[in-house]
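This report refers to the structure that appears directly beneath it.
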Amino acid sequence: MELERELDRELNPQQLEAVKYTEGPLIVFAGAGSGKTKVLTYRIAHLLKLGVSPFQIMAVTFTNRAATEMRERVQQLVGDGQANDVWVRTFHSMAVRILRREERYLSYDRNFLIYDSADQITVMKQCIAELRVDDRKFRPRGVLAEISSFKNELVTPKDYHGMARNVREETIADLYSLYQKKLLQHNAMDFDDLLVQTVELFRSEPLVLEHYQRRFQYIMVDEYQDTNHVQYVLVHQLAGDKRNLCVVGDDDQSIYGWRGADIRNILNFERDFPDVYVIKLEQNYRSTQCILAVANALISHNKGRKPKELWTSNDVGDPVSCYQALDEKDEARFVAAEISDLVEREEALYRDCAVFYRTHAQSRVIEEEFIRSGIPYRIYGGVRFYERKEIKDILAYLRLVANPADEVSLRRVINEPRRGIGDTTIARAEEFASSAGRSLAAVLEHPEEIPNLGNRAVNALKGFFQMINSWRKLDDAVSVAGLVERILGETGYLSALETQKTVEAETRIENLNEFLGVVQQYDSEGIGGTLVDFLEGLALVTDIDNYEPGEDAVVLMTIHGAKGMEFPMVFLTGLEEGLFPHVHSLEENEVEEERRLCYVAITRAKQKLYLSWAIRRFIYGNSEYKLPSRFFKEIPQEYLCPVVPDRFAGHGGHGDGSAVPSGGGQGDGSGVPATGSQAGHNAGHAIKESAAGEKEAAAVTAAPSQTSFQVGETVEHKKFGKGVVMETKTGPGGDMEIYVSFETAGFKHLLAKYAPIKKA
DNA sequence: AATTCTGCGTTTTTT
DNA sequence: ACGCAGAATT
């Protein structure tokens, strides 16, 4: 009743149709900013109003952010009680949920962990080493990328063994098999496995599939253009014969081809379901006419797309500003100055502004400039908090507690902090494990059985596992935060950092405290609460999911990260040939995907769009000259407005036109780093010399006790040749240190015990 | 055994 | 420029 009125008021005819067409297959081609999320949320609300149980509705998204947003908006429409029971999840979290629930059918243990890409690389490196494969030809990242595409296509190791056509492919097949074997042994799945295992579960257990098919009467898929083959199969399995499947997407926004997304999934939907009902949403509610005209013009250069053209009843708006920067620093200065102006003139808040770039590497220069100009900002993506060493260490401990088979974590922490379990010990255990046909983890738990192991190593191992096992017993009794505190204390990890007293160690302690805060937060929320749940949450969440719209800060992110968002002011940077479109995409017909990426970036802007490129850019350590992106040429010039960089004229003091800022900019750009780096070098040498000097001074007072070398003695070094001992002293370990002046090699500081020297 | 040094390949995008 | 792996150094 109330909802009905709201539907009529809030939705345009096409949107309304999409909301009300609930039975049978439906595809909604939803252009950028056409109210796609609105349709999905109202559709869910409408289904609930019709009396459909919330348990019977599933909405699948690609990001947690999209899932959260959708869930919240449904909540606003219908109230908490019902909204919470609707399955609004990402593909991966949906898969995990099903797998955990149906663990009895899996060959994995119920506490299986999710391996992230760093873990995957660790495992793959082991596989490569174990098969004695040439690690120049087969690099972990590359092999994993291939394996990932097999998984996306549901090609098993066995399948691929049959398909391999040459030695290289056979090797890949072997690596694939071994990799899967190891993951199973470690009781871990990678991201792709989550989906593959679910599909396989449904294939081998028709009754289980039937259960989910019966349960989920209405299925909606967001961003359908980004589904890959596994996801496609999964969706079709779930939809079953009932076919109450509604997919929403936009072929022009398909930007995950590199991850196996198959644009044909959306283009061929009408073939898969001949009776499909098709709705197109072409009215844009987000952007100005200018921005939209630019976007339309650009995307029209792609072939093989569904013809469509967005329109809007919004204002014409300002033309799109273009800036030709001298280099990446100049570009950053332009962005910073423009944002400062906007905020000063009260045309925008910081949080209204977003800066997009093609690659993460571009963010640093912009960040530096923002710091200099005092602009609050927040970078999403990039080096994540959870990728720092200390965080990975504590996580590895937690993972090992949750999952004894997790060899990747075991190796990581077994000697961290140092407890006398070195490479030799591990190597011996490995040897024994493979000869006995047992896993490394299993063998290490009973060190007395390992041949050739010294008492010290045996005791160290026993101590280590006693510690781990004591935490395992605590697992359910104590909160995750309690566990973290115990681990940090009992391992001596924290005290080891505390004694270091370096700035770096301080930062690590701070990071660990921050992590503890995250854990305490999790504990206090009291949902689920188990260690496994906690670890799973971390594995499936990314930085970009933590976007806080309330914070007044400029947002910096890659264009991929920006998908699904909108900002009043958008700065799209680095529009250069080779960067955007990226070199890696120039060969094949991947330029179209780059163009779609550019289209996505442009259509994030509501009010004002800025495009910039740099004539010269520092890349891979040297300065390269760049050409403007081809995308500029694909936009009609009448919508563009070049920005004359007069704001920098003050630096140079010349009076006119374009020569001035170039002079001023170059002076700034090249002068600072040149003197800076030179000073850095000199300072480096100076510090080394003075340090040596201090040691010399100290050496005078320290009397050499059990000396085998004396000051003034002539010695011969294996590599440095003849020299004269200038000073001797006793080092911290009681070993003799000597300072020798060699004839050819110069002055050296050596440790008598190790250095290959003898009296001449 | 652990730390520092050196040479090499490398970066597109992420659940 | 940077991070990593293996070598050199302490």
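The values are calculated or read from the model by the stated rules, or taken from the named source; none is laboratory data. Just so it is clear, the structure is predicted and the values come from calculations on it, not from any experiment. Note that we place each Cβ from the backbone using ideal geometry, even for glycine, and neighbour counts take in every protein chain shown. Remember, those area values only see protein heavy atoms, side chains included, never the ligands or the DNA or RNA. Shrake-Rupley method; radii C 1.70, N 1.55, O 1.52, S 1.80 Å.
What does the charge count around A:Gln126 come to, taking other residues whose C-beta lies under 13 Å from its C-beta (Lys +1, Arg +1, Asp -1, Glu -1)?
Charge balance in the 13 Å sphere: +1.
Report the gain in length on full extension from A:His446 to A:Val167: 0.36 nm times residue separation, minus Cα-Cα distance, nm rounded to one decimal. Could the numbers behind the result be given before it?
Numbers: separation 279, 0.36 × 279 = 100.44 nm, distance 3.99 nm.
Using 0.36 nm per residue and subtracting the Cα-Cα distance, I get 96.5 nm.
By its C-alpha gyration tensor, with a ≥ b ≥ c as the square roots of the eigenvalues, how is the range A:296-403 shaped: rounded for a/c under 1.5, else prolate for a/b larger than b/c, else oblate? Write down the numbers at each step before the final one.
Numbers: a/c = 2.36, a/b = 1.45, b/c = 1.63.
Note, shape of the range A:296-403 comes out oblate.
For the range A:420-461, with every protein chain kept in place, what is the accessible area per residue (1.4 Å probe, Å²)?
Numbers: 2330 Å² over 42 residues.
Spelled out: the 1.4 Å probe surface of the range A:420-461, per residue, equals 56 Å².
How many angstrom lie between the C-alpha centres of the range A:372-442 and the range A:278-319?
Taking the Cα centre of the range A:278-319 as reference, the centre of the range A:372-442 is 49 Å away.
If you average the alpha carbon positions of the range A:504-525 and of the range A:1-72, how far apart do those two centres end up, in angstrom?
Answer, in whole Å: 39.
Near A:Arg141, within a Cβ-to-Cβ distance under 12 Å, what is the net charge of the other residues, with Lys and Arg +1 and Asp and Glu -1? All intermediate terms of the calculation are to be shown ahead of the outcome.
On the way: positive: A:Lys125, A:Arg139; negative: A:Asp135, A:Glu146.
Net charge around A:Arg141: 0.
Give me the percent of accessible area attributable to carbon and sulfur for the range A:509-635, probe 1.4 angstrom.
Working: 2740 of 5200 Å².
Here it works out to 53 percent.
In a solvent-free Debye calculation with one equal scatterer on each Cα, what is log10 I(q)/I(0) for the range A:234-318 at q = 0.11, 0.19, 0.23 Å⁻¹, listed in the order of the q values?
-0.42, -0.99, -1.20
Suppose we take every Cα in the range A:330-470 and form the convex hull; what volume per residue is that in Å³? Can you show the working numbers first?
Working: hull volume 23.3 nm³, N = 141.
Spelled out: Cα convex hull of the range A:330-470, divided by residues, is 165 Å³.
For the range A:5-113, what mean projected area does the convex hull of the alpha carbons give, in nm²? It would help to have the intermediate numbers written out before the result.
Working: hull surface 34.1 nm².
Orientation-averaged projected area of the Cα hull: 8.5 nm².
Among residues other than A:Glu6 whose Cβ falls under 12 Å from its Cβ, what is the net charge (Lys/Arg +1, Asp/Glu -1)?
0
When each pair of different Cα atoms in the range A:171-296 is counted once in the 1/r mean, what is the Kirkwood radius in angstroms, to one decimal?
Values: mean 1/r = 0.0579 Å⁻¹.
With all distinct Cα pairs of the range A:171-296 included, I get 17.3 Å.
For the range A:49-191, what does the accessible surface come to per residue with a 1.4 Å probe? Please give it in Å². Show your work: numbers first, answer last.
Numbers: 7030 Å² over 143 residues.
Each residue of the range A:49-191 exposes 49 Å² on average to a 1.4 Å probe.
Roughly how many Å is it from the Cα centre of the range A:568-631 to that of the range A:205-260, as a whole number?
32
Just subtract the alpha-carbon distance of A:Ile619 and A:Thr530 from 0.36 nm times their residue separation and send over the number in nm, one decimal.
Details: separation 89, 0.36 × 89 = 32.04 nm, distance 4.54 nm.
In short, 27.5 nm is gained.
Could you pull out every residue, at least 5 positions away or on a different chain, whose amide H is within less than 5 Å of the one on A:Glu576? Hs are placed 1.01 Å off N in the peptide plane, and Pro or chain starts have none.
Residues meeting the criterion, in which the H sits 1.01 Å from N, are A:Ser629.
Just the Kirkwood number for the range A:246-370, please: inverse of mean 1/r across all distinct Cα pairs, in Å, one decimal.
Numbers: mean 1/r = 0.0553 Å⁻¹.
About 18.1 Å, per the Kirkwood formula over Cα pairs.
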